[in-house]
Amino acid sequence: MDPAYDELERRSRYLSSLVRRTRLADPPQPEPELKVEPKSAVDLKPVAEPSGGEGKAEVKERAVKAKGATNGEERKVAVRVRAADMPLPLQRRAIWIAREVVLATPRLESKRLALALKKEFDTTYGPAWHCIVGTSFGSYVTHSLGGFLYFSVDKAYILLFRTAVEPLSHP
């Protein structure tokens, strides 16, 4: 096999085991409720729990009913957390924002969704958040601990992650 591919696989397995160990070491704590409430009664609890497999997470899918912006009829939005290393309140916030943007437009506008998530997380939780939105993309990123979420809303796949910001030292 290609040595670069082997190295990527090795790093991926290491990061998965690190995330698993971190989750097991931290006991669950009560979560504060979000200040912003959704307009409809919706359960936005994304769940990605370790399942004891080889770095795989058990993923639960939620169907969300909400009023569509275009014609006033109710529209179901499927929300699914694919992978997460992020506290649940931040996950809920990201999913709520993504859901609102998806429902506000008749068709997917990837740039608008990415911009909305990035701006909200940069202003609320500090700088260096990155967001990738699309229906088909590949990625391999390094993120800060507790700053990674990969989820889908309908057919839009969203990768939201945070990187460390280090000040530049001028010579």
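The values are calculated or read from the model by the stated rules, or taken from the named source; none is laboratory data. What you are looking at is a predicted structure, and each value in this text was computed from that prediction instead of being measured. Cβ coordinates were reconstructed from backbone atoms using ideal geometry, including for glycine residues, and neighbour counts include every protein chain displayed. Accessible surface is based on the protein model in full, side chains and every heavy atom, while ligands, DNA and RNA are left aside. Shrake-Rupley method; radii C 1.70, N 1.55, O 1.52, S 1.80 Å.
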### Query
What figure in square angstrom, to the nearest 10, would you give for the accessible area of GLU166 with a 1.4 Å probe?
150 Å²
### Task
With the Cα gyration tensor of the stretch 83-171 in hand, convert its eigenvalues to equivalent ellipsoid semi-axes via √(5λ) and list them largest first in whole Å.
24, 13, 13
### Message
Is there a quick way to get the dipole size of the stretch 86-171? I mean about its Cα centre, with the Cβ of Lys and Arg at +1 and of Asp and Glu at -1; what is the value in debye to the nearest 20?
### Response
200 debye
#### Entry: Probe 1.4 Å - accessible area at LYS76, Å² to nearest ten
130 Å²
### Query
How much accessible area does TYR5 have with a 1.4 Å probe, in Å² rounded to the nearest 10?
110 Å²
### Query
What percentages, rounded to whole numbers, describe P(r) for the stretch 119-171 computed over all alpha carbon pairs with 5 Å bin width beginning at zero?
4, 18, 25, 21, 16, 8, 4, 2, 1, 0
